[in-house]
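Structure record follows, encoded as structure tokens.
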Amino acid sequence: MFPKNFLWGVSLAGFQFEMGDPEGRAIDPNTDWFVWVHDESNIKRGIVSGDLPEKGIDYWHRFREDHDIAKSLGMNAYRLNLEWSRIFPRPTFNINIHVEKDESLLVNASLDEEDLAKLDELADKSAVHHYREVIMDLREKGFLVILNLVHFTLPIWLHDPIQARATNLKRGPLGYADPRFPIEFVKFAAYAAWRFGDLVDIWSTFNEPSVVAEAGFLFKNGKFPPGLFNFDGYRKTLVNIAQAHVLAHKIIKSIDKTKAYPETSSPAEVGIIHNMIPFHPLDPRRHLDVTAARFSDHLHNRWILNAVTRGWVDKDTNMKEEPSEMYAAYKDKVDWIGVNYYSRQVVHGKRNPLSFILGIPVFPEMVKGYGNECVPDSYSMAGRPTSNFGWEIYPEGLAEVLDIAAGYGKPIIVTENGIADREDRLRPHFIATHLKTLEEYIQEKNTVKGYLHWALVDNFEWADGFRMKFGLYAVDLESKKRIRRPSADVLAEIIREGYVPDKYVKEALKVIKPSRQ
């Protein structure tokens, strides 16, 4: 059985859900991603789909309807984010705040009432009012609100992805790799705590920091802005996000002193939401494959958590703890960990000149036919069905990544888990097997406090546009009508019963057979 106080809910990202008003009243053109998906070169080269977010599902105006749908499914938690570009459509560079450095890293920042007043003058009050209205509607309907600050998108004044790519990060603004990023982020975090702290107690700084670093800076012609291979930019991004999180963790807790919910433990519990992947060596007997899996696990799963819990900022990404990389001020700067889980990866290790140049122990290659590297709507090399995205269904991997997260000694919430499945053929089985894995995990270890499905309704899936359908409800993009899929009934019954009925597991195991690898 799942605990009685278990959190059941959904997650969303503003850019993916908010736009779509037929009259164009909710369009936000001020983000890097808006520029990115509209760029003609990106569209012609197939880097982005050509779908546009302003044709989307219009959560901006239909939030009450979606909240009612979530409530009807028995949910009691809802995770959303503030779009930084909506709150601050204009730059905040000219507002100087007090910061402290320890050698090469920022360790503290503070804002006084005068600083907050200056930020208030720059803020779009209509956006602030709207987000308060959204959160209050959720509170009135009995939801615990988890408020995330950044879900991939950055204001265009902080990141011009087209120029950053064209100049190989020589001219910007450079977004996550920009040296100004941590300080600008802490201003945003401070203002958010000041304006929304009376409504929320559960905060997250970033969603999937490893993804923006890897997808933005490790792939030539990559789908995520700025879409280039620049390992120095990758390392700078990791370090900048660690700095930004630590500064924001301190500032949010210092400003948000109002307890919004009686059941929370403090006025501000500040976490980070992390995409986690089990990395398996292709050949467990081959040293390079084992090293490649361990290195991938270190960079993707553990780097950011090591930085904000243990204070180990592995700046050279060589997996060696060095005294110059240990920062006492970075220890224990996370109150909870969000785990996003979708699939695994199988890894092959290579030694090539690039690994020596970059100073890394091995060059990992993701093996085709496993995890996220599969043919869509087919089967993996292990005989598992794959989603419309080509992601292998691998529910046992959820327990593997929860073990990694549990090693940091913090409360855990599964903050995303779902599948791109337009026909809703696999989603019921995906839900049943993953929640059965989670149910058994909780019975044994009891470290997970909630499960948030991705997603309640279909959304704009970044560079892939509207082709990938993650919703428990489909959305007619013309009428914006929400259309219930059968998988919604499966999840609703599991929530209502408090366990995964055997009938769903038996049906799922006919489709999702035990892995051959």
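The values are calculated or read from the model by the stated rules, or taken from the named source; none is laboratory data. Source: prediction; values computed, not measured. Cβ coordinates were reconstructed from backbone atoms using ideal geometry, including for glycine residues, and neighbour counts include every protein chain displayed. All accessible areas refer to the heavy atoms of the entire protein, side chains included, with ligands and DNA or RNA removed. Shrake-Rupley method; radii C 1.70, N 1.55, O 1.52, S 1.80 Å.
For the stretch 370-424, GluC sites (Glu not before Pro) are listed when DSSP marks them as loop and at most 16 other Cβ atoms sit within 10 Å of their Cβ; the list is 423. When the square roots of the Cα gyration tensor eigenvalues are ordered a ≥ b ≥ c, the ratio a/c for the stretch 259-384 is 1.5 or more and a/b does not exceed b/c, which makes its shape oblate. At a Förster distance of 35 Å, what's the computed FRET efficiency of residue 166 paired with residue 94, Cβ-Cβ distance as r, to 0.05? In this case the efficiency is close to 0.85. For the stretch 50-107, the solvent-accessible area works out to 41 Å² per residue, with a probe of 1.4 Å and every protein chain left in place.
At 27 Å minimum axial length over the Cα atoms and a Kyte-Doolittle cut of 0.0, report the qualifying DSSP H helices in the chain, or say none. Helices passing the filter in the chain: 231-255.
Taken per residue, the accessible surface of the stretch 264-327 reaches 36 Å², heavy atoms only and a 1.4 Å probe. Separation of the stretch 164-231 from the stretch 407-440 is 27 Å, based on Cα centroids. What FRET efficiency, computed as 1/(1 + (r/R0)^6) with R0 = 35 Å and r the Cβ-Cβ distance, is obtained for residue 220 and residue 513, rounded to the nearest 0.05? Plugging the Cβ-Cβ distance into 1/(1 + (r/R0)^6) gives 0.45. Percent of accessible area on the stretch 30-105 owned by carbon and sulfur, 1.4 Å probe? The nonpolar share, carbon plus sulfur, comes to 46 percent. The list [x] 31, 29, 24; [y] 41, 25, 22; [z] 69, 21, 19 gives values of semi-axes √(5λ) of the Cα gyration tensor in Å, and only one came from this structure; which label was calculated from it? Answer label, from the structure shown: [x]. May I ask which of 71/141; 170/220; 187/253; 141/469 have a Cα-Cα span longer than 18 Å here? Too far apart for the 18 Å limit: 141/469. Straight-distance candidates among the lysines for linking to residue 506, with alpha-carbon spacing under 23 Å and chain neighbours fewer than 8 residues away dropped: 436. A simple spin-label model places pseudo-atoms 7 Å from Cα toward Cβ; at residue 108 and residue 261 they are separated by 3.1 nm.
Computed over the chain, relative contact order equals 16 percent, with contacts defined as Cα pairs under 8 Å that lie 6+ residues apart. Cut-off 16 Å, label point 7 angstrom out along Cα-to-Cβ of residue 444: give me the residues of the stretch 401-415 whose amide nitrogen falls inside. Counting backbone N atoms under 16 Å from the label point, the list is 401-407.
For the peptides 257-265, 34-42, the ranking by mean Cβ contacts within 10 Å, running from highest to lowest, is 34-42, 257-265. Between the stretch 98-123 and the stretch 482-498, the alpha-carbon centres lie 45 Å apart.
Straight Cα distances below 16 angstrom link residue 257 to the aspartates and glutamates 112, 113, 198, 201, 269, 335, with same-chain residues fewer than 8 positions distant left out. The distance linking the stretch 27-83 with the stretch 286-304 is 33 Å (Cα centroid to Cα centroid, whole angstrom). Which of the aspartates and glutamates could a cross-linker bridge to residue 101, judged by Cα under 15 Å and excluding same-chain residues fewer than eight apart? Reachable aspartates and glutamates: 325.
Which pairs break 21 Å Cα to Cα here: 223/320; 4/445; 410/449?
223/320
Taking every alpha-carbon pair under 8 Å whose residues sit at least 6 apart, the stretch 23-118 reaches a relative contact order of 19 percent.
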